[in-house]
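Quick notes on the structure that follows.
Every number here is computed from the coordinates shown, using simple stated rules; none is lab data. As the structure is a computational prediction, the values presented were derived from the model and not from experiment. Counting neighbours? That spans all protein chains shown, and the Cβs are built from the backbone with ideal geometry, glycine included.
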Amino acid sequence: MPVQDILFEINSLQKVGGSILCTSKGEVIAKEISPYLSDYVKEILPGKIKELVLQLHVMEEDFIQMNVADTGYKWVAKKGKNLIIVVILYPECDLHLVKLHLDLAMNKLSNEKDITKILSKQITLLITMLKKVHVWDIIKLKEYLEREGLKRGLIITQIAYDNKVKDELLNQDNMIEIVISDNMKEELKKLTKKFADQGYIVKKVEISADRWM
């Protein structure tokens, strides 16, 4: 079943104002919003998604709810494997019924091929190890990420990078991060476990020694 149809099913429940499908990091994949939802609620939607995603991770729960006193609306979020559904509820909504539908929706979404493809791009982390990082290394890793349709890369290095590299990192919109460690192999092992626990697919890649010099 198409993703939009699954969200439409949730919205068809009484007193539901909208549903949003996100990655586990809060990046919106798809949404179905009622045209009758107030402009104010639409405006605060991005902030509420971030707030709910953070609470899910901090509380280590798979379902949470949040009341918004100044609007009367209630927000709920359901977490699955690498997916989160955020739902906006009007007052007097049947929360138990919504929760049942979210459980069913999450099972359907987890098996959707389109979602699997999206998630494979969103949650894959490339890690490479270099003794010293040059500007060309950042550029080449970014090109690798873009070529593969990926969102994030990380370089483990032994030597602190200079201002030229720092400036180049700022141009990558947080796509690439550098970690400095005396023991790169041990750091790779530690980071691989850390990010795998967060739901990332971690892949080690090699950057060619030829830096176009």
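Here each label is just a point 7 Å from Cα along the line to Cβ, and for GLU146 and ASP182 those points are 3.8 nm apart.
Which entries in the list LYS79/LYS142; LYS42/LYS194; LYS132/LYS203; LYS25/LYS48; LYS151/LYS189; LYS31/LYS193 go over 24 Å, if you measure between the two C-alpha atoms of each?
On the way: LYS79/LYS142 30 Å; LYS42/LYS194 35 Å; LYS132/LYS203 20 Å; LYS25/LYS48 13 Å; LYS151/LYS189 21 Å; LYS31/LYS193 32 Å.
Those over the limit are LYS79/LYS142; LYS42/LYS194; LYS31/LYS193.
Relative to the dominant Cα principal axis of the chain, helix 113-122 is inclined by about 50°. Annotation for the stretch 86-111 versus the stretch 1-72: alpha-carbon center distance of 10 Å.
Once the Cα atoms are used to define both axes, helix 39-59 deviates from the longest principal axis of the chain by about 60 degrees. Against the chain, whose longest principal axis is taken from its Cα atoms, helix 95-110 shows a tilt of about 40°.
Amide H contacts of VAL179: ILE155, ILE156, THR157, each under 5 Å away and 5 or more positions distant or on a separate chain (H built 1.01 Å from N in the peptide plane; Pro and chain starts excluded). Dimensions of the stretch 3-119 based on its C-alpha atoms, expressed as ranges along the principal axes with the largest first, amount to 38, 30, 25 Å.
Remark: spin-label model distance HIS96-LYS108 equals 2.3 nm, labels positioned 7 Å along the Cα→Cβ axis.
Summarising the amide proton neighbourhood of ILE201: residues at separation of 5 or more, or on other chains, whose placed amide H is nearer than 5 Å comprise THR124, LEU125.
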